[in-house]
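Visitor: After the structure tokens below, expect a handful of questions from me.
The values are calculated or read from the model by the stated rules, or taken from the named source; none is laboratory data. Predicted, not measured: the structure shown is a model, and the values here were computed from it. Using ideal geometry, Cβ is built from the backbone for each residue, glycine included, and neighbour counts are taken over all protein chains shown.
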Amino acid sequence: MKIVCIGGGPASLYFSMLAKKNNPDWEIEVYEQNPANVTWGFGVVFSDETMEGFCGADEKTYQAIINSFVHWDDIDIFYKGTKTVSRGHGFAGMQRLRLLQILEERAREVGVVVQHDIRVTDNEQFPDADLIIAGDGVASAIRDKYEDEFVADVVFRPNKFVWLGSNKAFDTFTFYFNENEHGLWRAHCYQYMPGNSTFIIETTEDTWRRAGLEAVTEEQTVEYCAKVFEKELGNDVLITNNSLWRTFPRVKNAKYFHKNIVLLGDALHTAHFSIGSGTKLAMEDAVALNDILNNALADGKDLQGALQAFQEEREPVVDSLQRAAQVSMEWFENVERYHGVMEPAQFAFSLLTRSLRITHDNLNLRDADLVDEINEWVADTAEKQSGEPRVNPTPPPIFTPFRLRELLLENRIAVSPMCMYSADDGLIGDWHLVHLGSRAIGGAGLLMTEATAISPQGRITPGCAGLYKDEHIAAWKKVVDFIHANTSTKIGTQLCHAGRKASTKFPLQGGEQVSLGDGDWEIFAPSPIAYTDDTQTPQEMTREDMNQVRDDFVVATERAAACGFDILELHCAHGYLLSSFMSPQTNQREDEFGGSLENRLRFPLTVFSAIRDVWPGEKPMSVRISATDWSEGGFSAEDAVVAAKMFKAAGCDILDVSAGQVVAEQKPVYGRLFQTPFSDKVRLEADIPTMTVGNIQSYADANSIIAGGRADICVIARMHLFDPYWTRHAANDLGYDLDMPDQYKSVQDYTPRWN
């Protein structure tokens with residue numbers, strides 16, 4: 001086999017060496033545009049875990065790399081005059097040039113031909129190559145030539161950064177956050193060889209422009225940055241190496257290969273420098289491609305089959321790390337959101353857990369003392385916020401109290417509203433009593449009912465619960481009274497009108513959002529736009545319709561008060577009626593209720609104000625919103641902040657931040673805790689408490705959310721369907737003494753044996 005590697009970075013060199021070592025008869029050539037012993041940048045970073053994975057690929061390379069390492073375990077965070085040290089992380093840095101030298105030397109040793117000073121921009125130069133490795137970096141000419149085939153997605157991020165070096169020898173991974181008259185500057189620093197360190201400086205474009213750095217030389221950049229970090233540098237200096245101000249390119253490709261061309265390294269994917277995994281991904285690409293190629297060909301598969309297998313193996317790994325890199329990158333892009341707002345302990349915790357790959361529990365294994373400090377801070381803050389004395393020993397973050405008006409929640413776990421489709425003309429029965437009662441006994445601080453219709457026309461399905469008849473009050477009051485009499489859980493109801501999503505079948509009768517057909521009732525919405533081809537086209541609401549809906553919400557609220565609910569939530573999310581007013585994709589009205597964001601919020605705010613007026617003043621109200629439509633041109637996270645401020649001004653106490661389900665053509669970005677960043681943004685930028693939802697499964701994740709200031713309450717759905725006693729099990733596993741109902745006191749100190 002003849003293989004040509006375009007680009008002489010870590011991916012190409014490592015792959016070429018591994019492939020040649022395993023297949024001495026293969027002809028492998030590497031073409032690099034830079035001269036020998038020349039590269040951009042300073043150092044690269046590997047975790048201890050990453051290096052373990054390289055050990056089995058090639059022992060000789062592994063040994064040469066670790067012999068060139070500078071190792072550290074700690075992370076130092078300098079913020080607002082405070083130094084926070086986190087231990088036990090296990091990283092190593094080395095000179096990027098030395099890494100390339102090791103890889104090239106080893107490649108040449110096994111017989112790879114490496115040529116420098118040759119820029120390859122066209123794969124057609126190698127018509128006889130069986131396989132072409134496009135490892136030509138972030139600005140890949142080969143990827144750009146076939147961008148449609150690779151379905152390339154390159155986005156330049158907003159922040160500006162410059163890659164500098166320093167002769168200051170950092171003995172930890174160090175973060176600085178310095179503020180001057182122009183704005184806030186972040187520095188990412190680590191030693192890569194004795195006496196030399198990487199010193200990356202990052203800031204917003206606005207700060208960069210105010211500093212006058214749009215057209216400066218490297219020397220002028222160094223002069224300015226040295227003043228910003230004068231105290232930190234002391235007598236040490238900053239060093240340049242093609243150190244130009246840049247914006248970070250986030251690179252993704254839906255297709256990893258085209259014909260006989262396969263992308264590797266930065267040409268295929270990038271990971272922001274704040275997570276330090278670009279080189280790791282590149283070299284892991286090389287290991288995977290080599291292994292798969294050898295195995296596939298040995299099994300008689302063709303090259304296309306091997307490349308397809310490579311993508312199938314790598315894509316989930318890459319996607320997972322890129323999601324982590326994305327949220328890490330966004331954290332640093334938005335440091336101004338946290339700077340000056342968070343106290344040092346929470347700021348440090350937020351930074352350390354920013355990618356969501358390090359959790360509260362994981363950090364506790366690394367640095368128990370720091371986590372103890374965080375837990376103490378959370379408990380102290382909760383005591384001040386709630387007015388409740390602290391308990392001893394210090395509880396985990398999720399078991400701290402939280403107050404909304406006169407409502408006290410004993411912990412930060414809520415059971416999410418989940419439709420049961422088990423009501424008869426809105427009337428709930430025994431199923432709801434058992435379903436909701438069991439989850440209250442399960443220990444959650446707050447329990448929310450399913451979306452509860454304010455009119456028959458406002459139901460999603462014929463089986464949806466309601467509060468549109470006086471007869472409904474007694475059934476709901478039975479549930480509320482049971483929960484109040486037997487648990488410390490508080491219960492709230494979520495009032496809803498389904499709008500254009502009304503009059504659909506039960507999900508088990510043919511999938512979500514399918515019209516009833518026979519039995520359809522008339523539906524309406526802000527504009528006559530159907531949700532899908534399988535749903536009705538709604539009538540455009542008249543002013544009389546809007547007045548009637550407002551009045552229906554008011555009467556339903558009065559009934560909710562009669563039931564004894566502790567909190568009332570207005571459903572303005574997921575494409576239901578009020579949500580449809582808020583999105584420009586579903587609201588195309590030309591009157592005072594359409595057009596601008598202020599106009600689109602007018603009716604939801606009108607409804608909110610009307611029900612706030614009749615809901616008891618001592619009891620809190622929440623609003624659930626979709627913080628994004630997940631669709632270009634739709635309701636955005638920035639819109640969500642504006643909406644949050646307006647609902648807060650109208651008397652909203654807490655915002656329940658969800659996302660999506662507004663338009664059928666949405667393109668959500670799923671992953672662990674994928675909706676939590678929206679809660680984080682709204683909470684801090686609108687200065688309002690938030691509840692967060694979205695694939696929260698573990699106690700570690702929930703503790704991380706609360707301790708990191710990403711939300712005030714974690715709202716959990718599916719895990720509570722799977723385990724009604726999720727909160728009790730969390731308490732047991734975390735060593736927290738959560739009080740049991742009298743009927744269950746016999747297992748207060750019981751240790752189950754599962755196997």
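Visitor: Within the stretch 103-137, which residues are free of Cβ contacts under 8 Å to residues at least 40 places away in the same chain and either touching a Phe, Trp or Tyr at 6+ places or on another chain (Cβ under 7 Å) or among the polar types (S, T, N, Q) (or both)?
Guide: Thr121, Gln125
Visitor: Yes or no: the stretch 603-617 includes at least one residue that is assigned by TED's automatic domain parsing to the domain that holds Leu495 and within 20 Å of Ile706 (Cα to Cα). Can you show your working first?
Guide: Going through the stretch 603-617, the residues assigned by TED's automatic domain parsing to the domain that holds Leu495 turn out to be 603-617.
Filter once more, keeping what is within 20 Å of Ile706 (Cα to Cα): none.
No, the stretch 603-617 contains no residue that is assigned by TED's automatic domain parsing to the domain that holds Leu495 and within 20 Å of Ile706 (Cα to Cα).
Visitor: Check off (1) touching a helix residue (DSSP H, G or I) at 6+ places or on another chain (Cβ under 6 Å); (2) farther than 23 Å from Ser698 by Cα for Arg354 and give me the number that stays unchecked.
Guide: So the condition that Arg354 fails would be (2).
Visitor: Inside the stretch 337-395, can you point out the residues that are part of a helix (DSSP H, G or I) and hydroxyl-bearing (Ser, Thr, Tyr)? Talk me through it step by step, then tell me what you get.
Guide: Narrowing the stretch 337-395 to residues part of a helix (DSSP H, G or I): 337-338, 344-352, 360-366, 368-386.
Answer for the stretch 337-395, where residues must be part of a helix (DSSP H, G or I) and hydroxyl-bearing (Ser, Thr, Tyr): Tyr338, Ser350, Thr381, Ser386.
Visitor: Among Ala474, Ala440, which is the only one that is under 25 Å from Asp742 (Cβ atoms) and not in a loop (DSSP other than H, G, I, E, B)?
Guide: Values: Ala474 fails: under 25 Å from Asp742 (Cβ atoms).
After ruling out the rest, the residue left standing is Ala440.
Visitor: Tell me, which residue of the stretch 96-113 that is outside any helix (DSSP H, G or I) and out of contact with any Ser or Thr (no Cβ under 8 Å at 6 or more places or on another chain) is farthest from Phe42 (Cα to Cα)?
Guide: Gly111
Visitor: For the subset of the stretch 513-530 comprising residues that are hydrophobic (A, V, I, L, M, F, W, C) and outside any loop (DSSP other than H, G, I, E, B), which member is nearest to the chain's Cα centre (by Cα)?
Guide: That would be Ala525.
Visitor: With Ala664, Ala731, Ala649 as the choices, which residue is at pLDDT 95 or above and out of contact with any strand residue (DSSP E or B) (no Cβ under 8 Å at 6 or more places or on another chain)?
Guide: Values: Ala664 fails: at pLDDT 95 or above; Ala731 fails: at pLDDT 95 or above.
Result of the check over Ala664, Ala731, Ala649: Ala649.
Visitor: Sort out which residues of the stretch 562-594 are within 23 Å of Ala453 (Cβ to Cβ) and surrounded by fewer than 17 Cβ atoms within 10 Å (Cβ to Cβ), and write them in order of number.
Guide: Ala562, Gly564
Visitor: Still on this structure, I have one more. Return yes when Ile491 is aliphatic (A, V, I, L, M) and closer than 30 Å to Thr727 by Cα and no when it is not.
Guide: It is true that Ile491 is aliphatic (A, V, I, L, M) and closer than 30 Å to Thr727 by Cα.
Visitor: Moving on. Filter the stretch 531-561 for residues that are of a type in the set (A, V, I, L, M) and either part of a helix (DSSP H, G or I) or surrounded by fewer than 17 Cβ atoms within 10 Å (Cβ to Cβ) (or both) and give the result.
Guide: Met546, Val549, Val554, Val555, Ala556, Ala560, Ala561
Visitor: For the stretch 289-308, what are the residues that are under 21 Å from Val251 (Cα atoms) and buried (at least 19 other Cβ atoms within 10 Å of the Cβ)?
Guide: If the condition is that a residue be under 21 Å from Val251 (Cα atoms) and buried (at least 19 other Cβ atoms within 10 Å of the Cβ), then Leu289, Leu307 are the ones that fit.
Visitor: Then there is this: I need the full set of residues from the stretch 595-611 which are buried (at least 16 other Cβ atoms within 10 Å of the Cβ) and not in a helix (DSSP H, G or I), in order please.
Guide: Leu601
Visitor: Only one residue in Gly111, Gly53, Gly43, Gly135 is in contact with a helix residue (DSSP H, G or I) (Cβ under 8 Å, 6 or more places away or on another chain), farther than 30 Å from Lys259 by Cα and either of a type in the set (D, E, K, R) or not assigned by TED's automatic domain parsing to the domain that holds Arg366 (or both). Which one?
Guide: Details: Gly111 fails: farther than 30 Å from Lys259 by Cα; Gly53 fails: farther than 30 Å from Lys259 by Cα; Gly135 fails: farther than 30 Å from Lys259 by Cα.
That would be Gly43, the only listed residue that is in contact with a helix residue (DSSP H, G or I) (Cβ under 8 Å, 6 or more places away or on another chain), farther than 30 Å from Lys259 by Cα and either of a type in the set (D, E, K, R) or not assigned by TED's automatic domain parsing to the domain that holds Arg366 (or both).
Visitor: Listed residues Gly443, Gly437, Gly463, Gly429; which is in the same structural domain as Ser580 (by TED's automatic domain parsing) and either within 20 Å of Val623 (Cβ to Cβ) or surrounded by fewer than 16 Cβ atoms within 10 Å (Cβ to Cβ) (or both)?
Guide: Gly429
Visitor: State all residues of the stretch 247-261 that are farther than 22 Å from Thr50 by Cβ and touching a strand residue (DSSP E or B) at 6+ places or on another chain (Cβ under 6 Å); if no residue qualifies, say none.
Guide: Of everything in the stretch 247-261, those that are farther than 22 Å from Thr50 by Cβ and touching a strand residue (DSSP E or B) at 6+ places or on another chain (Cβ under 6 Å) turn out to be Thr247, Pro249, Asn253, Asn260, Ile261.
Visitor: If I ask for residues that are closer than 15 Å to Ser583 by Cα and either touching a residue at least 24 places away in the same chain (Cβ under 8 Å) or touching a Cys at 6+ places or on another chain (Cβ under 7 Å) (or both), which ones from the stretch 635-656 would you list?
Guide: Correct list: Phe635, Ala637, Asp639, Ala640, Val641, Val642, Ala643, Ala644.
Visitor: Hey, could you check the stretch 668-692 for residues that are part of a loop (DSSP other than H, G, I, E, B) and small (Gly, Ala, Ser) and say which is modelled with the highest pLDDT?
Guide: The extreme case among them is Ala686.
Visitor: Only one of (1) without any contact (Cβ under 8 Å) to a residue 60 or more places away in the chain; (2) farther than 24 Å from Gln322 by Cα fails for Lys145. Which number is that?
Guide: (2)
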